[in-house]
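Working notes, structure below.
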Amino acid sequence: MRIRIPATTANIGPGFDSFGMALQLYNEVEITAIPEGLVITADGDGCQHVPLDEKNIVYQAMRYVFYKAGKMLPGLKIHIHNEVPITRGLGSSATAIVGGVLAANRLLGDRFDKQTLLEFATALEGHPDNVSAALLGGFVVSGQYGQTVVYKRFDVPKQLQCVVAVPEFQLSTSASRNVLPATVEFRHAVFNVKSAGLIVAAFASQDLTLLQHAMRDYLHEPYRMKLIPGMDKAVQLARHAGALGVALSGAGPSILALCDTQIDSVAESLQAGLQEAGTDCKIYVLQPDLEGARILSESPVSSSRNLHMLSRMD
Ligand code: HSE
């Protein structure tokens with residue numbers, strides 16, 4: 001079967017570990033159950049960094065779902081086609097997790113519902129923001145309460161354009177989380193409460209003008225900014241050029257500017273701000289994805305014959 005999973009931008013400023021939006025940039029995974037063994041291939045953006053053994057995230061996600069179902073994982077042929085830049089804050093690991101979880105569930109005859117799949121994906125990723133948006137599309141606010149993931153998905157207004165500056169260097173989520181403080185000042189927490197509330201209001205009411213005040217953050221961006229030379233200038237220039245709001249995309253290093261007009265000047269400003277500090281970047285102009293991850297085609301061989309190969313684990 002072939003599955004298409006969108007890139008995602010998480011946090012959107014103040015919604016740390018909670019807000020995510022899917023983007024029209026996709027990774028695909030093609031999965032076939034085979035009698036035995038594991039064959040993984042990859043092509044596309046950053047494919048040289050994709051592990052081709054049991055460390056592969058698609059494989060690990062599939063193994064987790066089969067474990068939860070109490071079944072033995074069959075042999076697998078997995079091909080990964082990457083369009084989403086790796087380790088840049090655009091949810092590439094979430095695409096692999098969601099792809100693996102969906103593929104495994106289909107091989108298991110759709111045993112688990114969407115809620116459970118989202119909880120599996122969140123357990124694997126560690127936070128629900130990217131995986132929720134990758135699975136459901138649109139703008140998603142989500143939170144984990146114990147094992148339960150509570151979420152609400154919203155459509156995104158069609159005129160919203162996402163200008164994303166993707167620096168040429170990689171920044172792992174763990175490195176970017178390591179710079180975060182153990183505590184924050186009360187006034188900064190209060191600032192984030194009001195801004196996060198406004199972001200949800202902006203998407204719930206489809207009133208993009210609210211983003212102008214809302215996309216500012218005190219919980220993570222001030223600490224992460226130091227890891228991205230030129231980010232402060234790029235943000236400042238892009239706001240001035242007419243972006244509705246500018247924020248770090250996920251854990252970075254990509255920078256997201258949400259716009260309804262002035263796309264070209266916002267893109268130039270992001271690039272110029274980063275370049276002033278010597279940071280080269282690629283610019284992507286992306287529309288929000290409203291569909292979420294999708295099984296594009298089934299392989300008759302994998303869906304019927306191999307189901308009979310699945311046996312219970314002891
Ligand atoms: N919310 C996460 C973070 C997204 O900012 O660390 C990274 O995947």
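The values are calculated or read from the model by the stated rules, or taken from the named source; none is laboratory data. Given the structure is predicted, the values throughout are model-derived calculations rather than measurements. As a convention, Cβ positions derive from the backbone with ideal geometry for all residues, glycine included, and neighbour counts pool all protein chains shown. Side chains included, ligands, DNA and RNA excluded: accessible areas come from the protein's heavy atoms. Shrake-Rupley method; radii C 1.70, N 1.55, O 1.52, S 1.80 Å.
Its Cα centre serving as origin, region 12-68 has a Cβ charge dipole (Lys and Arg +1, Asp and Glu -1) of approximately 240 debye.
Note on the chain: Lys pairs 8 or more places apart or on different chains, Cα atoms under 19 Å apart, count 6. Compute the angle between helix 92-107 and the longest alpha-carbon principal axis of the chain, please, reported from 0 to 90 degrees and rounded to the nearest 10. Relative to the chain, helix 92-107 is tipped by roughly 30 degrees.
Only beta bridges with both residues in the chain are counted; by DSSP, about 85 percent of them are antiparallel. Only Cα pairs within less than 10 Å get springs; with that Gaussian network setup on the chain, which residue of 254, 132, 195 has the largest fluctuation? It is 195.
About its Cα centre, the dipole of the chain is roughly 640 debye, where the only charges are +1 on Lys and Arg Cβ and -1 on Asp and Glu Cβ. The mean sequence separation of alpha-carbon pairs under 8 Å and at least six residues apart, normalised by the residue count of region 1-124, gives a relative contact order of 30 percent. Given a 1.4 Å probe, how much area per residue of region 1-136 is accessible, in Å²? Averaged over the residues of region 1-136, the accessible area is 34 Å². Counting every alpha-carbon pair across region 1-140, the share separated by more than 19 Å comes to 45%.
Here the Karplus relation 6.51 cos²θ - 1.76 cosθ + 1.60, evaluated at θ = phi - 60°, turns the backbone of region 4-15 into coupling constants of 10, 10, x, 5, 9, 10, 10, 6, 6, x, x, x Hz, with x for every Gly and Pro. Taking only protein heavy atoms and a 1.4 Å probe, the accessible area of region 167-206 is 61% carbon and sulfur. Seen against the Cα atoms of the chain and their longest principal axis, helix 263-276 is set at about 80 degrees.
For residue 210, the solvent-accessible surface with a 1.4 Å probe is about 50 Å², rounded to the nearest 10. Angle of helix 114-125 to the longest C-alpha principal axis of the chain, folded into 0 to 90 degrees and rounded to 10: 70°. Put simply, when 106-113, 14-21 are sorted by average Cβ atoms within 10 angstrom per residue, most first, you get 14-21, 106-113. Go ahead and set up a Gaussian network model of the chain, Cα springs under 10 Å, then flag whichever of 256, 23, 227 fluctuates most. Comparing 256, 23, 227 in the GNM, the peak value goes to 227.
What is region 209-269 by shape, rounded, prolate or oblate, if you read a ≥ b ≥ c off the alpha carbon gyration tensor as root eigenvalues and call it rounded for a/c under 1.5, prolate for a/b larger than b/c, and oblate otherwise? It is oblate, given that a/c is not under 1.5 and a/b is not larger than b/c.
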